[in-house]
Amino acid sequence: MSEQRVHFYQVGSFAVGNRLLSADDRTVQSSPHRTNSIDSGHRACQGCGEALGARYALDAAMRATNGQLLAVNATGCLEVFSTPYPETSWRIPWLHSLFGNAPAVATGVAAAMRVKGRSDVRVVGQAGDGGTVDIGFGTLSGMFERNDDVLFICYDNEGYMNTGVQRSAATPPAARTATTDVVGAEPGNVFGQGKDLPRIAMAHDIPYVATATVADLHDLEQKVERAMSFRGARYLHVFVPCPLGWGSASNETIHLARLAKETGLFPVFEAEYGVVTNVSPIRRPAPVEEYLKLQRRYAHLFGPKGRPDIVARLQGIADANIARYGLLPERDELDSREDD
Amino acid sequence: MERPFAITLDVGTSRANHTGSWRVERPVYVDRLPPCNNACPAGENIQGWLYEAESGGYEAAWRKLVENNPLPAIMGRVCFHPCESACNRAEVDEAVGINAVERFLGDTAIEHGWSFPEPGADTGKRILVVGAGPAGLSATYHLRLMGHQVRLVDASAKLGGMLRYGIPAYRLPRAILDAEIARIIDMGVEVVLNHTVHDIDVERREGEFDAVFLAVGAQLGKRVNIPAGDSSKVIDAVSFLHQVADEDPPMLGRRVVVYGGGDTALDAARTARRLGATDAVIVYRRNRDKMPAHAEEVEQALGEGVTVRWLSTVDRFESERLVLEKMRLNADGFPEATGEYEELDADSLVLALGQDTDLSLLEGNANVEVNDGVVQVTPTMMTNEGGVFAGGDAAPSDRTATVAVGHGKRAARGIDAYVRGEEFASGDRHELATADRLNTWYYADAPRTERPELERIRRQTNFEEVIGGLTEENALFEARRCLSCGNCFECDNCFGVCPDNAVVKLGAGHRYEFNYDFCKGCGICVRECPCGAIEMVPERI
Amino acid sequence: MLRQLEGSKAIAETVALCRPEVVCAYPISPQTHIIEAIGVKVKEGSLAPCEYINVESEFAAMSVSIGASAAGARAYTATASQGLLFMIEAVYNAAGLGLPIVMTLANRAIGAPINIWNDHSDAMAVRDSGWIQLFAETNQEAADLHVQAFRLAEELSVPVMVCMDGFILTHAVEGVDLMDQATVDRFLPTYEPRQVLDPDDPVSIGAMVGPEAFEEVRYLAHLRQLDALDYIPVIAEEFAALTGRASGGLIHPYRTEDADTVVVALGSVLGTIKDAVDRLRDGGQRVGVLGIASFRPFPIAAVRDALARAHRVIVVEKAFSLGMGGVLATDVSMATLGSSAVLNTVVAGLGGRPIAQHSIETMIEQAIRGELADLTFLDLDEGVIARERARMARTRRSGPFAENVLRDISQTREDRS
Amino acid sequence: MFQVRIHGRGGQGVVTAAELLSVAAFNEGRHAQAFPSFGSERTGAPVVSYCRLDDREIRTREPVMAPDAVIVQDVTLIHQVDLFGGLVEGGYVLINTSRTFEELGLDDLGDRFQSERLMTCPATELAIEHVGRALPNAALLGAFAALTRQVPLDAIGVAIRDRFHGAVGERNFAAATAAFDHVTREMEAATRASTT
């Protein structure tokens, strides 16, 4: 939850802007002078959450670093749709090397800056969930373990979308992907697998780990800002819905991200040096169905041949998250927070 | 620096790639009609003036408000605010306290002495307004703004009509009433008081008026035939309240029964309490759910010690003894007599059974059509007689002050068109900004601010105003609870949520526009617009 | 200063003189002594400013180097064998991006069967990656090549791999004339990148290039390799003028002027071959040696000239392409195309198998007599091969032949003793 | 060219011995090449190192297959490893032991090689005495210098001191000197025995 205090105004800090706030308190995205780190003309799908998340995060990082930012990108949708020759959408210095090595490349860039005494120049590494939790995991863990001065951002859309929607270790149970089809007794991705990277990152005791979604811009930007206040390895896991891979309407991207958080399926929190320091409480609790039903990848769970048993298991996952992170605080506690 | 071919690219070059060609639907900014505006009988642009108030621009807000209604301090007290009933915010938490903000703006305007804009350039047209109640005052105001000359005549000694003679001072302090009326009169109005118009045609001809607006109100209390002893004190509520307003209250005794279930009945009962009645009992033939009076009025009355005999009719009134017949509701909800009777001690009986309009001044005119005791009018409030307009309680409608104010405005527009020899054309109404168009997630949680109420004990003994005003802080808070339904309030959401950076921010007050070169038509801006001010329309393919 | 020291140490000392700014490595035999020694220098502060990064894999090592180089830092790493294969994706990437990284490859065989000893299979595996591959004959040359490699890499914006035989060179203690800092500085200017990540001049590096331009990109990379063919001799000459040492260059001919038979080889085996050639010369044979110093780019014209007089060319190589034959020999055959020279391929020294001077001499004599097969495996134990093939023919579940061979050889030894 | 093969076990300083020998020769202005038997042997396993000494450039990279001298640091290897394989006619053998060739069961060596070039030296004992640790390599280098006269003892000393600084270097050199003296005495005794 944003620590920024907003004098009550219509949309508080939920919307992108707020005409009555001072410029300093507004989101970077509300400014016509934002960097537009990733600019128009990119070839992302309609309603792409990753394009959005990347602009949000990098523009915030650009503000936090006063424009002294270098970005390293893993292979994936973000890379492919942003830099097909002869056009690039990036407005910041940007380097793409490989799928699995973005964290290490970022380490190298950071090392170069350190050796050149450019402590003002900061480095961001970024990848999708495949490049982070799967193929890039080794280099990421190495980067964490050495506490290299890199903010690594994972744009998590829960699968290999660039290659045609295959399962990754971030694909949730029951979700349909091209490699976890909705056939057999346990349709979709199996339960009991997958990798919770934010928690793994925390286990490295790095200075800062946070999760965020494209549905709460103030929160996301504040986390980028916070991340940039640390030296050393930092990790930001941003939830970015994918209309193509999830079979959702292109206009539902942000709504889905919001529901993922409000159902408890995607806990939004911050941790410093391995300890959770802050969680974003659920504001309007919603059952998982509300989230699942908007996505074709879960269509097999509903309708006449639906699988309420599987939906219940997914609700169980959400409930476990709610319990683990305390996502549903006592109402009066929530109220006092709002009063701030 | 010589850069490697193809693998290294100059920044921002993708702007050459116009992804707008992918689009099959395009987002378009729209203004939708907010439900409050839609519900306001006076046609106020409520969302519009709340928007100004949100930023503390109270004068701008007031000016936007009085574009449609010149009596905000009054309406902020007496209006039964259908706007709030329609308010979409009720779906989030509670309706915005529009009425309270209106009163705040009205009071602030009086406090600061803000005046109306200069009247328009003189058109040379002369308009007669008959009746200085809310309809007449409203018409006068609008006509003056349009540059017409107005003669305002009224049979009473003071201006205000039912605002003064029908609404007790504890609901509408006289200083407020006088101040807002004075502001209208200060626009240059010829006022003629204590003047009863007996024949409208004569009056119009002799005064060489180009048009006439009849706003004579409904001043006649309805009477029913209730057998009553000679000594029994029976009075109609309209007369009762009028006499109180003239500071000549009738002697009703300690036990007062009011017969009827409308707001007037409540006004009468509450007034009686203030005049010293220990028992103020309302007799009403149906139950509370069916009572036409506004719930908050009922609540306040009960709070002041007024009691109600539900499902009862007055059968007869015999020397300090009222005989009531018990009623029951049939399957259709209509009351039926039961044949059971009970008695009630009473010193006087006040009849609040409705009002009629005195239309004797039209008797000489065959063209003006009168049905059910009210004048039939067109949408611009014109009767069948050219140049003769009617409104307020004299025309068919809900008989509220706000409706009357709205009639005054519409009549003024109609009159203006008439005297110019034109047809009045109202603009196209925007599509209604219904709740389903909104994305209420974005609005901060904020329960409404209640206005303070006068302590109960003081309400039973004097005519001090019962409902207080909002402090500035509260008014600001309340204004900011407005969802701005259907109208962009520049929250930057569309600008921020576009994955293709295809929204252009035009600067404060100028909203946004789409850059269709890059908009892929994903529709996120529409889905995430809090107030529903964007819609998708199919591209022509 | 001439010093008697281990090859790895000589490399570490020399690399340090080149003022690398980021050194990143993951340990693998036989490269370890190099990176250990550089690590000490960074830690003690004698190599500064320099960031030394211990990474979790070779893949990360090359990736860190990529990032550092793209950000404008002089980057160095070292690896061998499996490590090179583990980083191979990044190896190609570094070349594709034109990043002037210098890497020492302590040549070692590739498993399975796992084998830590020297051959050239690893270098051959990245032959087509776009890296310049220089082969050192001695530790002196290996050290010198590193200085030239940085110059070459940064001048052409292309990565350079200095290949030196694992253990045979890396672990050999011999005399090496180490350069001094001033001389290195005179030869190697400060790194001025051709492209760099810079907040003040942002670019996107590493675009996705489709069919419309990929071929051009590749061809341009090829041209850059051809440019290197021109440039390598230039800097070798400059280096020679500065140090008096003929390290580097494209090729190293030895007694080829009047040679009927020329043996072509890469790396440290050239010394042994030279001794053999001297012996044969003493016996009246007109034999010469051609060392290939630059394997990629392959100096086809220089090789053609050097072999113009030869009637017989014997390519001795420590790697081969399974199912085909010699790798270096294939390249050499392109240089001898059209000539009447007979070409023999001799595969030797795989997995650290010692290459004896005696075997070389015997092989050359056989070749001269026309008795050498087109593709010969030096000192191959034919008996083991025959027995294992027979066994495999007999038994369906014959097991992994690597282990069978080991069992067979130890059995044979016991039988003999 | 003079080629040396040193046998020992991992951890006994076999590789260092070859290196020191090469440095000693280098310090004398000679060409030298030292290298280990490249392997992944661990402490205790049999290991071999080599050293070539020459007055001209050493180009060959083949393992030493026909050594001019064999140094055995650990006699327990005698029946495990072919210690004397390839040793040239007239080659030297230096064994770290306080026993005799006969006691070691190596009497037949005298038949194959020149007996005055077969030498034992209690290098481990000397190391314990002078260095305080059972590391016989420095002592054996002293013995080697005395036996083969390929490098002077002083050059060995420079190499040792270059490698081991301060007291450690001095103690190692003391061990080397003691071994040198021991071998010199043994050789003089043998000479006296043969001439009488």
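Some observations on this one:
- GNM result for chain C, Cα springs below 10 Å: residue of C:ARG194, C:ARG74, C:ARG108 fluctuating most strongly: C:ARG194
- A crude spin-label estimate for the pair C:ARG391 and D:GLU57, with each label 7 Å from Cα along the Cβ direction, gives 4.5 nm.
- Cβ-to-Cβ counts within 10 Å put B:MET75, B:MET382 in ascending order as B:MET382, B:MET75, the fewest first.
- Take the Cα of D:ARG42, go 7 Å toward its beta carbon, and the backbone nitrogen atoms of segment D:1-24 under 14 Å from that spot belong to D:10-11.
- Of all lysines in the structure, the ones whose alpha carbon falls short of 28 Å from that of B:LYS409, not counting any fewer than 8 places away in one chain, are B:LYS64, B:LYS125, B:LYS158.
- Each residue of segment C:287-296 was assigned a 3J(HN,Hα) from its phi angle through the Karplus expression (A = 6.51, B = -1.76, C = 1.60, θ = phi - 60°), giving 10, x, 10, 10, x, 9, 8, 10, 7, 9 Hz with x at Gly and Pro.
- A cut-off of 5 Å between modelled amide H atoms, ignoring neighbours fewer than 5 places along the same chain, links B:ASP358 with B:GLN219, B:LEU220.
- Pairs spanning more than 20 Å between alpha-carbon atoms, out of A:LYS116/C:LYS41; C:LYS274/C:LYS318; A:LYS223/A:LYS293: A:LYS223/A:LYS293.
- Once the Cα atoms are used to define both axes, helix C:269-282 deviates from the longest principal axis of chain C by about 50 degrees.
- Segment C:ASP282-C:ARG245, length gained on full extension (0.36 nm per residue, minus Cα span): 10.6 nm
- Within segment C:1-46, none of the trypsin sites (Lys or Arg not before Pro) combine a DSSP coil assignment with at most 10 other C-beta atoms in a 10 angstrom radius.
- Legend: calculated FRET efficiency, B:HIS18 to B:GLU118, from the Cβ-Cβ distance at R0 = 45 Å, rounded to 0.05, equals 0.30.
- Label-zone membership for segment C:283-326, site C:ASP258, 7 angstrom Cα→C-beta point, backbone N under 19 Å: C:283-290, C:306-312
- P(r), alpha carbons of segment C:251-377 - 10 Å bins starting at zero, rounded %: 14, 51, 32, 2
- The C-alpha atoms of chain C define a longest principal axis, and helix C:382-394 lies at about 80 degrees to it.
- Paramagnetic label reach from B:THR278 (point 7 Å along Cα→Cβ; backbone nitrogen cut-off under 18 Å): within segment B:315-333, residues B:320-322.
- Simple label model, 7 Å out from Cα along Cβ direction - D:GLU103 to C:GLU44, nm: 4.3 nm
- Considering only GluC sites (Glu not before Pro) in DSSP loops that have at most 14 other Cβ atoms within 10 Å, the longest stretch of chain A without any of them is A:4-329.
- Whole-Hz couplings from phi, Karplus 6.51/-1.76/1.60, listed for segment C:173-186; x for Gly and Pro: 9, 8, x, 9, 8, 7, 6, 9, 4, 5, 5, 4, 4, 5
- Ascending count of other beta-carbon atoms within 10 Å, so fewest first, for B:LEU33, C:LEU380: C:LEU380, B:LEU33
- Each distinct pair of alpha carbons in chain B adds a 1/r term; the inverse of their mean, the Kirkwood radius, is 26.0 Å.
- Straight-line reach from B:LYS233: taking Cα to Cα under 18 Å and skipping same-chain neighbours fewer than 8 places apart, the lysines in range are B:LYS222.
- Under 5 Å, built H, 5+ apart or other chain: amide partners of C:HIS252: C:GLY291, C:ILE292, C:ALA293
- Between D:SER194 and C:MET1, the simple label model (points 7 Å from Cα in the Cβ direction) yields a spacing of 4.3 nm.
- A Stokes-Einstein calculation at 10 °C with viscosity 1.306 mPa s, built on the Kirkwood radius of the protein assembly as shown over Cα pairs, returns a diffusion coefficient of 39 µm²/s.
- Per-residue ³J(HN,Hα) for segment A:199-216, Karplus 6.51 cos²θ - 1.76 cosθ + 1.60, θ = phi - 60°, Hz, x for Gly and Pro: 5, 5, 4, 4, 5, 7, 6, 6, x, 8, 9, 8, 10, 7, 10, 6, 8, 10
- Fewest-first ranking of A:HIS42, C:HIS171, B:HIS195, using other Cβ atoms within 10 Å as the exposure measure: B:HIS195, C:HIS171, A:HIS42
- Taking amide hydrogens as placed 1.01 Å from N in the peptide plane, the amide H of B:VAL234 sits under 5 Å from those of B:LEU349, each at least 5 positions away in sequence or on another chain.
- Computed FRET value (nearest 0.05) for B:GLU208 with B:SER426, which takes r as the C-beta separation and R₀ as 30 Å: 0.55
Values in this text are rule-based calculations from the coordinates and carry no lab data. The structure presented is a predicted model; accordingly, all values stated were derived computationally and were not measured. Ideal geometry is used to build each Cβ from the backbone, glycine not excepted, and the neighbour counts take in all protein chains shown.
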